[in-house]
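Single-structure report; data block below.
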Amino acid sequence: MIQALWQHLGISVISLLIAMAIAIPLAIWVEKHDRLANIMLQITSVLQTIPSLALLGLLIPFVGIGSVPAVIALVVYALLPIFQNTYIGIQEIDPSIEEAADAFGMSRMRKLVKVELPIAMPVIISGIRTALVMIIGTATLAALIGAGGLGTFILLGIDRNNTSLVLIGAIASAALALILSYLIHVLQRVKIRYSLITLAVILLGFIGYGSYKVIDQPADEVVIAGKLGSEPDILINMYKELIEDDSNVKVTLKPDFGKTSFLFSALRNNQIDIYPEFTGTVLESLVKVNSSETKNLSQQQTYQLAKRKLASQYHLKYLKPMKYNNTYALAVTKKFAEENGLKDISDLSGIQDKIKAGMTLEFIDRSDGLRGVKKLYGLTFTPQSMSPDLRYGALHDGKVNLVDAYSTDSQLRQYNLVTLKDNKNLFPAYQGAPLMSEKLAKKHPEIVTSLNKLSNKISEKQMREMNYQVNVLKRSPKTVAHEYLIQHHLLK
């Protein structure tokens with residue numbers, strides 16, 4: 001909680017100060033130029049209409065992931081209320097007061113500091129407080145791109161269907177907004193120069209702490225990240241124990257780091273060193289392949305092709321895969337399967353008028369997902385798009401009767417669901433394996449040796465059981481990972 005709170009506070013305060021440094025001087029400069037002021041208001045208004053996730057996605061190719069794109073996005077959203085309120089606050093000053101200041105022979109800067117800003121300050125502060133609340137609320141999305149913050153609790157709670165975690169993140173975020181809003185209100189009563197000094201000290205404090213963390217980082221540290229969910233969390237804890245058991249390398253974990261594209265970008269930009277990736281995902285989403293190359297591949301052929309493409313296109317090292325195949329599946333309740341005689345995906349063609357499907361956006365849009373299912377099996381139903389965590393609850397509650405699934409999902413056991421056989425072999429192999437740079441593999445061959453201990457280990461049943469332990473029984477991923485390694489004699 002302390003770490004997440006500090007990350008959230010740092011991102012929010014730095015974003016607010018940068019937005020103030022841009023918007024307030026800009027509003028003062030255009031105050032005497034109405035046409036230019038209107039243009040700037042239109043631009044800042046348009047910027048604020050860009051969806052936050054879309055803006056983060058647009059920034060990633062240019063600045064990578066982590067705090068930098070999060071801060072840029074938050075600054076963009078904070079510009080409008082601060083710029084607009086500063087401009088309006090100065091514009092609405094009584095002309096007679098302006099004339100009196102001119103009559104006393106005040107310079108432009110002296111009039112600004114002694115007359116205009118003090119009079120306009122309540123309106124400016126109102127804009128700053130509005131921007132602050134907006135920033136703190138939006139900053140929860142920073143967790144999606146590896147910047148941490150209180151959004152980590154919310155995303156983890158949604159993924160594990162844990163309302164307590166969602167409430168912790170939401171309430172802490174709201175409390176932080178109220179506290180900072182009150183502090184700004186207090187600063188309003190202080191003289192401007194003292195307020196500026198206070199803000200400068202805060203900014204330098206965050207910059208100094210960030211610089212210290214970079215300098216203080218161990219020279220031989222390896223950062224391992226994982227996607228959202230219990231399974232990646234379990235795997236990266238296994239990686240950490242195996243590496244530290246065999247070497248003196250210090251391992252730092254970054255769980256619930258985000259989606260596939262974010263992790264892959266972070267790996268390529270040296271922001272992380274290792275993360276677990278699936279063979280099917282590599283061929284479908286990460287490397288360039290011809291459709292003829294991916295037809296009718298065995299699990300071993302899928303891995304070898306993924307390994308070659310990653311090495312030739314990105315100079316990445318793909319280690320040996322684990323045993324289980326966490327491929328896509330279509331799942332229904334046992335009752336619905338029995339009532340309609342469902343065993344294979346082909347059986348769905350006879351009951352399309354009964355299908356109410358809830359599926360993730362990723363599955364709906366993939367050629368090895370719903371698009372491929374419809375084409376190969378001749379199905380025409382239209383699903384509702386749902387977040388991964390909600391679709392199982394909707395199936396259990398009878399709101400939908402068909403969902404996409406992964407073969408190791410704990411909910412398959414939790415809700416006693418039936419997966420339909422892919423009798424036409426659409427879904428490719430999805431075996432998990434550590435992905436790292438070739439440079440790291442050459443520098444630390446002992447890490448490669450350690451992680452290859454998981455080669456051909458962990459069956460689908462074992463992985464599903466471990467996911468069940470974390471998601472349903474609420475056990476720690478670290479504990480579950482350690483128990484598996486001990487039971488299978490993988491630690492010294």
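Structure notes:
- When you work out D = kT/(6 pi eta Rh) for segment 278-375 at 37 °C and 0.692 mPa s, using the Kirkwood radius from C-alpha pairs as Rh and the Stokes-Einstein form, the result is 208 µm²/s.
- Long-range amide H partners of ARG366 with built H, under 5 Å: ARG371
- Loop-resident trypsin sites (Lys or Arg not before Pro) (DSSP state other than H, G, I, E or B) in segment 323-413 with no more than 16 further Cβ atoms inside 10 Å of their Cβ: LYS323, LYS343, LYS356, LYS399.
- Karplus-derived HN-Hα couplings along segment 230-235 (A = 6.51, B = -1.76, C = 1.60, θ = phi - 60°), whole Hz, x at Gly and Pro: 6, 4, x, 5, 5, 5
- Using a Förster distance of 56 Å, the FRET efficiency for THR479-LEU376 (Cβ separation, nearest 0.05): 0.85
- Put the Cα centre of segment 406-429 next to the Cα centre of segment 137-188 and the gap is 34 Å.
- Cα pair count fraction exceeding 23 Å, expressed as % - segment 2-215: 51
- The charge dipole of segment 1-121, taken about its Cα centre with unit charges on the Cβ atoms of Lys, Arg (+1), Asp and Glu (-1) only, comes to about 340 debye.
- Phi angles across segment 91-106 convert, under the Karplus curve 6.51 cos²θ - 1.76 cosθ + 1.60 with θ = phi - 60°, into 3J(HN,Hα) values of 4, 8, 5, 4, x, 5, 5, 4, 5, 5, 5, 5, 5, 7, x, 5 Hz, Gly and Pro given as x.
- Relative contact order, whole percent, for segment 2-215 stands at 26, derived from Cα pairs under 8 Å and 6 or more residues apart.
- Taking the helices alone, the chain has a mean residue ellipticity at 222 nm of -18500 deg cm²/dmol, built from -39,500 (n - 2.57) per DSSP H run of at least 4 residues and averaged over all its residues.
- Å³ per residue enclosed by the Cα convex hull of segment 75-140: 70
- Charge dipole (the chain, unit charges on Cβ, about Cα centre) - positive-most of MET134, THR382, THR279: THR279
- Tensor-based shape of segment 343-386 (alpha-carbon gyration tensor, a/c under 1.5 rounded, otherwise prolate or oblate): oblate
- Looking at segment 328-420, the DSSP beta bridges with both ends there are about 65 percent antiparallel.
- Taking max minus min of the alpha-carbon positions on each principal axis, segment 55-98 gives extents of 52, 14, 12 Å, largest first.
- Model label points for GLN414 and GLU438, set 7 angstrom from Cα along the Cα-to-Cβ axis, are 4.2 nm apart.
- Spherically averaged projected area of the convex hull of Cα atoms, segment 328-420: 5.2 nm².
- Pairwise centroid distance, computed over Cα atoms, of segment 10-74 with segment 257-299, Å: 32
- Here the chain has an Rg and Dmax of 27.0, 92 Å, counting Cα atoms alone.
- Tail beyond 15 Å, pair distance distribution of segment 248-314 (Cα, percent): 57
All of the numbers you see were taken from the coordinates with simple rules; none came from a lab. Just so you know, these numbers come straight off a predicted model, no measurement behind them. Counting neighbours? That spans all protein chains shown, and the Cβs are built from the backbone with ideal geometry, glycine included.
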